[in-house]
Structures are given as structure tokens and as C-alpha cells.
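> Below is the structure I would like to discuss, written out as C-alpha cells.
Each reported figure results from applying straightforward, stated rules to the coordinates on display, with no laboratory input. Please read all numbers here as calculations on a predicted model, not as lab measurements. As a convention, Cβ positions derive from the backbone with ideal geometry for all residues, glycine included, and neighbour counts pool all protein chains shown.
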Amino acid sequence: MADKRDYYEVLGVSKGAGEEDIKKAYRKLARQYHPDVNKAADAEDKFKEVKEAYDVLGDGQKRAMYDQYGHVDPNQGGGGFSGDFGGFGDIFDMFFGGGGGNRRDPNAPQRGSDLQYTMTIEFKEAAFGKETDITIPRTEQCDTCFGTGAKPGTKPDACSKCHGSGQEEVVQNTPFGRMVNRRACSSCQGRGKIIREKCGTCHGAGSMKKQRKIHVRIPAGAFDGAQLRMSGEGESGQRGGPGGDLYIIIRVKQHEFFQREEDDIYCEVPLTFAQAALGDEIEIPTLHDKVKLKIPAGTQTGTQFRLRGKGVPHLRGNGNGDQHVKVVIVTPTKLNDEQKEALREFANVSGEAPSGTHEGTFFDRMKRAFRGD
Ligand SMILES: [Zn+2]
Ligand SMILES: [Zn+2]
């Protein structure tokens, strides 16, 4: 039995054909092959093929899936994804599941399922990238029998019932004519082969679960929720089919000092009142190194300073984000007598209201509010 034909080919339309053209092509072919009209031996099969192609191409959503994934093995639906990979498997189940009327060659190559792995990394690892090995369990071809399922030195026999096609035909005579139903061969369960002597390693399955070590490179600038696709590193394909993909979901741990917004870093640095009033030079930790920051005299609490290029490396392209440093003036809670005395003295020489740049604005406004202006 040959591979399933391309649906566009079946309907004789181009890949870019519009809805109307597809409908027209289907109607024409359906009339041509309808078993009531066409008495040729293969008319029924042709009719079913046309109907199946139209069921998919005539439905926008199914057509989009088909364009992206082609014919999908009904046996592959669901199951492949682990964890919270929302609903993807379900769509396959809905669309391709059940396998009703879905003919395919049991010996055709089959793509492996996709796998998902969630990896939690440190804040700095996300910024600068990380290379690591992970171990994932995945289904791989059995090394002993190279996927045949047969004991080494023996070969599976073609199923004598279906002659290797994996399918059997059930013929019924109905008032409308001869109906041919195809279903998986009951003798070989659709495999087309009978294994007389099973491989001792995989017990005839041809594949087995293995712990597989995979080298992962997380690029600098990775972010929480990022997804890496490792092509072909999912479950092995069957009968020479390509492997599925491995999706690595990145989770980034929080940092106790830095906060990240895209590629910019935010942090808060405490200042004493004296530092803020008199000015100072302080050391600031960054992801890269320590940086000296000049605090000008008379700095107000909440002032933000920008350290250019001290943020997270951009994932694509050169350069880094910036680091934003917000200074917070901390009021002392425990003072010794000497400190209290000094502050009282300071208050005496300063007068009643706080002195500084805000005098004419904030405190004036407050005073006016007290007076009821
Ligand atoms: Zn069979
Ligand atoms: Zn084996």
C-alpha cells in the first residue's frame, strides 16, 4: 500500500487555493466517484479519499494544521507532551484521533513525539548564559534489534493474513452496493509483521525508555518563560522517521538584590541622611562588576541613577541593558547620646523647617494647607 496522497493533490488544487475552489473541486470529484454513480472497482476508495481530503482542507483550522504538520499518525495523538504544555496533544486527539477511516502504511516512517522539560536557572545564569547537561527519559530505538523487535539473527515475517499491508478488508453487500471497510489487521494489529522470536531486550517493542543525556546551551539574555526548541531531541521516530522536538522551558530564580525588567536591572541602595546631604561616592554591585557611583550633595530619597550598559546582555544583538539605582534615605532608629546631641545641634542651627531645595515648594504648600489657603 502506497503512502497517503497529499490532500491538495487528491482534490487537484494548488496549496494556495481559496475556499471556493476547494469546494468546487470536491463537488466535482465527489460526483465523479460516488459509488452510486461510478461502478469502477476503485471508485469507493477514491470517493473516500476525496471526502477525507475535503474534510480537512474544507475546514480552516484543520487545513492550517495539515499545512503545518502534514498527515499525522493517529497513533501519535496525545501522550507525547508531558507537564503543562497546554492542550496541544488534545488538538491532535480531536483532529486525528480514533483513526476512523484513516488509512496509512504500517511500514511508513513515523515522527517521534515532542517532549517538554522545565529547567530552573539562577538569575545570573540567565543573564550570562549557561551550558549544562540534562538527563531526560525518552523512548529510543532498541540497540539490540535496531527497532525490528525481533531477536538478533531472526527477522520478523510478513503477516500472512494481510500480506504485510497491516490492513484487512471487510466486504459487506448492502442494498446500495458492495461496501468495503478497511481496518487494522486483526492478526498483526496493523503492524504488517509477525515477530516469531522476540528481542530479549525490548520484548518485541523495538523501542524502550532510556535516560538520555543532552547538552543544553542557554544563551545569554535568556528570560523567565523563554522556550528553547531542540530539534530532533524528542522521542525517537519509528521506522526511520525523524525524532520529535524537545522544548526546554526556562524558569529564572529571583535575585535578592536585583530586579529585572526586560534587559534592565533595578535595585535600591540605602543612603544615610549625611551621605545624601553632603554627597558621597559609593560602590554599587552590578551583574558585571562593582561600579563607583557619585552621589551629589543634596540628593533626595527616591532619586534614580542610571548605570549605562550594566544590565543584562541583549539576547539578540550586541550590548547590554542598563542598571537603575534608586537611592533610599534611611532614618536611623537607634541613636546613642552623642548622635542625638549632634542632631539636636543640627536642628538648632537649621531652624524649624527642613532646609533644602523643596523649601519653596513642598513645605510652602504644606504650610498653606495648614492655614487653609
Ligand atoms: Zn496482518
Ligand atoms: Zn529490541
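> Check each of the trypsin sites (Lys or Arg not before Pro) in segment 194-301 and keep only those in coil by DSSP with at most 14 other C-beta atoms within 10 angstrom; list them in order.
ARG196, ARG239, LYS253
> Quick check: residue separation of GLN61 and ARG368 times 0.36 nm, minus the Cα distance between them. What number comes out in nm?
Taking 0.36 nm per residue and subtracting the Cα distance, the gain is 103.8 nm.
> Give the calculated FRET efficiency between THR132 and THR201 to the nearest 0.05, with a Förster radius of 30 Å applied to their Cβ-Cβ distance.
For R0 = 30 Å, the calculated efficiency reads 0.50.
> Also: Can you pull out the chymotrypsin sites (Phe, Trp or Tyr not before Pro) in segment 193-275 whose DSSP state is coil and whose Cβ has at most 15 other Cβ atoms within 10 Å?
For chymotrypsin sites (Phe, Trp or Tyr not before Pro) across segment 193-275 that sit outside H, G, I, E and B with at most 15 neighbouring Cβ atoms in 10 Å, the list reads PHE223, PHE257.
> Return the percentage of antiparallel bridges among DSSP beta bridges fully within segment 215-344, rounded to the nearest 5 %.
Of all bridge pairs located within segment 215-344, approximately 70 percent are antiparallel.
> May I pose another question? Sequence gap of 8 or more, or different chains, plus Cα separation below 19 Å: how many lysine pairs satisfy both in segment 103-207?
Lysine pairs meeting the criterion: 5.
> In the chain, what cysteines have no partner Cβ closer than 4.7 Å?
Those would be CYS267, since no other cysteine Cβ in the chain comes under 4.7 Å of theirs.
> Provide the percentage of antiparallel DSSP beta bridges, counting only those with both residues in the chain; round to the nearest 5.
So the antiparallel bridges in the chain amount to around 75 percent.
> Please report the Cα spread of segment 136-257 along all three principal axes, rounded to whole Å, starting with the longest.
Here the Cα extents, ordered largest to smallest, are 78, 46, 20 Å.
> Percent of Cα-Cα pairs per 20 Å bin, from 0 to the last occupied bin, for the chain, please list those.
Percent of pairs per bin, in order: 19, 33, 22, 16, 10, 1.
> What ranking do VAL349, VAL216, VAL50 get, fewest neighbouring Cβ atoms within 10 angstrom at the top?
Taking fewest neighbouring Cβ atoms as first place, the list is VAL349, VAL216, VAL50.
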